[in-house]
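What follows is a single structure, written as C-alpha coordinates, with notes after it.
The values are calculated or read from the model by the stated rules, or taken from the named source; none is laboratory data. Here the structure is a predicted model, which is why all the values come from computation and not from measurement. Reconstructed Cβ throughout: ideal geometry from the backbone, glycine too, with neighbour counts over all protein chains shown.
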(Lines give C-alpha, C1' and ligand atoms only; values in the text may rest on other atoms or scores of the structure.)
Protein backbone atom coordinates (compact mmCIF):
# COMPACT_ATOMS: atom_id res chain seq x y z
CA UNK A 1 0.00 0.00 0.00
CA UNK A 2 1.01 3.63 -0.37
CA UNK A 3 -0.39 7.13 -0.10
CA UNK A 4 -0.90 7.25 -3.87
CA UNK A 5 -4.56 7.57 -4.79
CA UNK A 6 -5.63 8.10 -1.19
CA UNK A 7 -8.04 10.88 -0.16
CA UNK A 8 -6.64 12.65 2.87
CA UNK A 9 -8.24 15.41 4.92
CA UNK A 10 -5.86 17.85 6.59
CA UNK A 11 -8.04 19.73 9.06
CA UNK A 12 -6.81 23.15 10.11
CA UNK A 13 -4.01 22.95 7.57
CA UNK A 14 -2.96 26.58 7.11
CA UNK A 15 0.22 26.32 9.22
CA UNK A 16 3.75 25.62 8.00
CA UNK A 17 3.22 22.00 9.00
CA UNK A 18 0.03 21.84 6.95
CA UNK A 19 1.80 23.17 3.88
CA UNK A 20 4.67 20.68 4.27
CA UNK A 21 2.34 17.73 4.77
CA UNK A 22 0.11 18.73 1.85
CA UNK A 23 3.11 19.13 -0.45
CA UNK A 24 4.53 15.74 0.49
CA UNK A 25 1.20 13.97 0.09
CA UNK A 26 0.51 15.58 -3.28
CA UNK A 27 3.97 14.60 -4.47
CA UNK A 28 3.17 11.03 -3.37
CA UNK A 29 0.05 11.04 -5.55
CA UNK A 30 -2.60 11.58 -2.88
CA UNK A 31 -5.72 13.70 -3.16
CA UNK A 32 -5.48 16.28 -0.38
CA UNK A 33 -8.46 18.15 1.05
CA UNK A 34 -7.22 21.01 3.22
CA UNK A 35 -9.55 22.86 5.55
CA UNK A 36 -9.29 26.25 7.20
CA UNK A 37 -11.49 29.14 8.25
CA UNK A 38 -10.01 31.67 5.83
CA UNK A 39 -10.01 31.51 2.04
CA UNK A 40 -6.96 33.78 2.00
CA UNK A 41 -4.94 31.49 4.27
CA UNK A 42 -6.03 28.44 2.26
CA UNK A 43 -4.78 29.95 -1.01
CA UNK A 44 -1.17 28.61 -0.68
CA UNK A 45 -2.59 25.10 -0.26
CA UNK A 46 -4.85 25.50 -3.28
CA UNK A 47 -1.84 26.73 -5.27
CA UNK A 48 -0.02 23.52 -4.39
CA UNK A 49 -2.86 21.48 -5.90
CA UNK A 50 -4.89 20.65 -2.82
CA UNK A 51 -8.67 20.90 -2.77
CA UNK A 52 -9.65 23.45 -0.16
CA UNK A 53 -12.70 23.75 2.06
CA UNK A 54 -13.65 26.60 4.35
CA UNK A 55 -14.60 24.64 7.46
CA UNK A 56 -14.01 24.79 11.20
CA UNK A 57 -11.88 21.83 12.31
CA UNK A 58 -12.97 22.33 15.92
CA UNK A 59 -16.67 21.92 15.11
CA UNK A 60 -18.14 18.45 14.80
CA UNK A 61 -21.07 19.96 12.85
CA UNK A 62 -18.72 21.55 10.31
CA UNK A 63 -16.61 18.40 10.03
CA UNK A 64 -19.69 16.18 9.68
CA UNK A 65 -20.99 18.39 6.87
CA UNK A 66 -17.66 17.94 5.10
CA UNK A 67 -17.64 14.18 5.69
CA UNK A 68 -21.15 13.92 4.25
CA UNK A 69 -20.04 15.68 1.06
CA UNK A 70 -17.09 13.37 0.39
CA UNK A 71 -17.44 10.03 -1.35
CA UNK A 72 -14.57 8.39 0.51
CA UNK A 73 -11.82 9.31 2.96
CA UNK A 74 -8.68 7.31 3.69
CA UNK A 75 -7.03 9.51 6.31
CA UNK A 76 -7.72 12.47 8.57
CA UNK A 77 -5.01 14.54 10.24
CA UNK A 78 -6.09 17.42 12.52
CA UNK A 79 -3.33 20.03 12.51
CA UNK A 80 -4.77 22.71 14.81
CA UNK A 81 -2.03 23.59 17.28
CA UNK A 82 -0.04 26.31 18.96
CA UNK A 83 1.76 26.93 22.23
CA UNK A 84 1.21 29.32 25.11
CA UNK A 85 2.86 29.06 28.48
CA UNK A 86 5.55 30.20 30.87
CA UNK A 87 5.36 31.80 34.27
CA UNK A 88 5.50 28.60 36.28
CA UNK A 89 2.40 26.92 37.63
CA UNK A 90 0.92 30.17 38.93
CA UNK A 91 1.33 31.66 35.48
CA UNK A 92 -0.88 29.06 33.79
CA UNK A 93 -3.77 31.36 33.00
CA UNK A 94 -7.30 30.43 32.06
CA UNK A 95 -6.94 32.53 28.90
CA UNK A 96 -3.92 30.47 27.85
CA UNK A 97 -5.77 27.24 28.55
CA UNK A 98 -8.75 28.35 26.49
CA UNK A 99 -6.42 29.37 23.64
CA UNK A 100 -4.93 25.87 23.58
CA UNK A 101 -8.23 24.00 23.73
CA UNK A 102 -8.96 24.17 19.97
CA UNK A 103 -6.23 21.56 19.42
CA UNK A 104 -8.18 19.05 21.52
CA UNK A 105 -11.49 20.16 20.06
CA UNK A 106 -10.17 19.48 16.55
CA UNK A 107 -9.07 15.96 17.52
CA UNK A 108 -12.51 15.26 18.96
CA UNK A 109 -14.50 16.81 16.10
CA UNK A 110 -12.57 15.23 13.23
CA UNK A 111 -12.43 11.75 14.73
CA UNK A 112 -16.15 11.73 15.48
CA UNK A 113 -17.20 13.05 12.07
CA UNK A 114 -14.93 10.76 10.05
CA UNK A 115 -15.11 7.61 12.16
CA UNK A 116 -17.39 5.72 9.77
CA UNK A 117 -15.60 6.77 6.54
CA UNK A 118 -12.22 5.77 7.97
CA UNK A 119 -13.56 2.37 9.00
CA UNK A 120 -15.03 1.88 5.51
CA UNK A 121 -11.67 2.56 3.86
CA UNK A 122 -9.47 -0.42 3.08
CA UNK A 123 -6.68 1.38 4.96
CA UNK A 124 -8.08 4.23 7.05
CA UNK A 125 -5.65 6.34 9.07
CA UNK A 126 -6.22 8.90 11.83
CA UNK A 127 -3.13 10.72 13.10
CA UNK A 128 -2.54 13.51 15.59
CA UNK A 129 0.49 15.61 16.48
CA UNK A 130 1.43 15.61 20.15
CA UNK A 131 4.44 16.59 22.25
CA UNK A 132 7.10 15.01 24.42
CA UNK A 133 5.75 17.35 27.13
CA UNK A 134 3.12 14.68 27.76
CA UNK A 135 5.60 12.38 29.49
CA UNK A 136 7.70 15.19 31.02
CA UNK A 137 5.37 18.11 31.76
CA UNK A 138 6.93 21.29 33.12
CA UNK A 139 5.25 23.77 35.43
CA UNK A 140 5.46 26.54 32.84
CA UNK A 141 3.83 24.35 30.22
CA UNK A 142 1.19 22.60 32.33
CA UNK A 143 -1.72 23.92 30.26
CA UNK A 144 -0.08 22.76 27.04
CA UNK A 145 0.90 19.34 28.38
CA UNK A 146 -2.59 18.77 29.76
CA UNK A 147 -4.23 19.52 26.41
CA UNK A 148 -1.78 17.29 24.56
CA UNK A 149 -2.28 14.46 27.08
CA UNK A 150 -6.04 14.71 26.63
CA UNK A 151 -5.60 14.65 22.85
CA UNK A 152 -3.49 11.50 23.11
CA UNK A 153 -6.08 9.84 25.33
CA UNK A 154 -8.76 10.63 22.74
CA UNK A 155 -6.62 9.28 19.89
CA UNK A 156 -6.06 6.07 21.84
CA UNK A 157 -9.82 5.79 22.34
CA UNK A 158 -10.17 6.11 18.57
CA UNK A 159 -7.71 3.23 18.22
CA UNK A 160 -9.79 1.14 20.61
CA UNK A 161 -12.92 1.96 18.63
CA UNK A 162 -11.31 0.85 15.37
CA UNK A 163 -10.22 -2.42 16.96
CA UNK A 164 -13.58 -3.11 18.58
CA UNK A 165 -15.50 -2.41 15.37
CA UNK A 166 -13.31 -4.86 13.46
CA UNK A 167 -13.70 -7.56 16.12
CA UNK A 168 -17.46 -7.09 16.35
CA UNK A 169 -17.77 -7.42 12.58
CA UNK A 170 -15.36 -10.38 12.55
CA UNK A 171 -13.25 -8.53 9.98
CA UNK A 172 -9.54 -7.77 9.77
CA UNK A 173 -8.44 -4.43 11.22
CA UNK A 174 -8.09 -1.92 8.40
CA UNK A 175 -8.08 1.44 10.24
CA UNK A 176 -5.39 2.74 12.58
CA UNK A 177 -5.06 5.70 14.94
CA UNK A 178 -1.52 6.98 15.48
CA UNK A 179 0.06 9.62 17.75
CA UNK A 180 3.12 11.52 16.54
CA UNK A 181 5.21 13.09 19.31
CA UNK A 182 7.90 15.73 18.93
CA UNK A 183 9.81 18.04 21.23
CA UNK A 184 10.16 20.66 18.51
CA UNK A 185 8.12 19.89 15.41
CA UNK A 186 9.99 19.69 12.12
CA UNK A 187 7.31 19.96 9.39
CA UNK A 188 9.40 17.99 6.90
CA UNK A 189 9.83 15.08 9.31
CA UNK A 190 6.12 15.07 10.10
CA UNK A 191 5.28 15.14 6.39
CA UNK A 192 7.47 12.15 5.65
CA UNK A 193 5.97 10.12 8.49
CA UNK A 194 2.42 10.88 7.37
CA UNK A 195 3.22 9.79 3.80
CA UNK A 196 4.59 6.56 5.31
CA UNK A 197 1.37 5.74 7.19
CA UNK A 198 0.56 3.15 4.54
CA UNK A 199 3.92 1.40 4.72
CA UNK A 200 2.63 -0.80 7.55
CA UNK A 201 -0.55 -2.76 8.18
CA UNK A 202 -3.21 -1.24 10.42
CA UNK A 203 -2.70 -3.97 13.02
CA UNK A 204 0.93 -2.88 13.42
CA UNK A 205 0.10 0.83 13.55
CA UNK A 206 -3.05 1.08 15.61
CA UNK A 207 -2.56 2.73 19.02
CA UNK A 208 1.11 3.42 18.34
CA UNK A 209 3.03 6.46 19.59
CA UNK A 210 5.71 7.48 17.09
CA UNK A 211 8.65 9.61 18.21
CA UNK A 212 9.48 12.15 15.50
CA UNK A 213 12.73 13.19 17.17
CA UNK A 214 14.48 9.84 17.00
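One line per residue, one yes/no per condition, for (1) closer than 21 Å to residue 153 by Cα; (2) in a loop (DSSP other than H, G, I, E, B); (3) without any contact (Cβ under 8 Å) to a residue 60 or more places away in the chain:
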| residue | (1), (2), (3) |
| --- | --- |
| 66 | no, no, yes |
| 77 | yes, no, no |
| 80 | yes, yes, no |
| 90 | no, no, yes |
| 95 | no, no, yes |
| 98 | yes, no, yes |
| 103 | yes, no, yes |
| 107 | yes, no, yes |
| 116 | yes, no, yes |
Q. What residue, among those in the range 91-124 that are farther than 15 Å from residue 165 by Cβ and touching a strand residue (DSSP E or B) at 6+ places or on another chain (Cβ under 6 Å), is surrounded by the fewest Cβ atoms within 10 Å (Cβ to Cβ)?
A. 106
Q. Within the range 155-183, restricting attention to residues that are in contact with a strand residue (DSSP E or B) (Cβ under 9 Å, 6 or more places away or on another chain) and assigned to a loop (DSSP other than H, G, I, E, B), which residue is surrounded by the fewest Cβ atoms within 10 Å (Cβ to Cβ)?
A. 183
Q. How many of the residues making up the range 23-38 are at pLDDT 95 or above and either assigned to a loop (DSSP other than H, G, I, E, B) or farther than 11 Å from residue 79 by Cα (or both)?
A. 11
Q | Residues of the range 47-60 satisfying the condition of being in a helix (DSSP H, G or I) and in contact (Cβ under 8 Å) with a residue 12 or more places away in the chain | A | 48, 60
(Q) Let me spell it out: the conditions are (1) farther than 15 Å from residue 31 by Cα; (2) over 17 Å from the mean Cα position of the chain (by Cα); (3) modelled with pLDDT of 95 or more, and residue 88 meets all of them except one. Which number is the exception? (A) (3)
Q. From the list 133, 203, 142, 149, which one is in a helix (DSSP H, G or I) and within 27 Å of residue 28 (Cβ to Cβ)?
A. 203
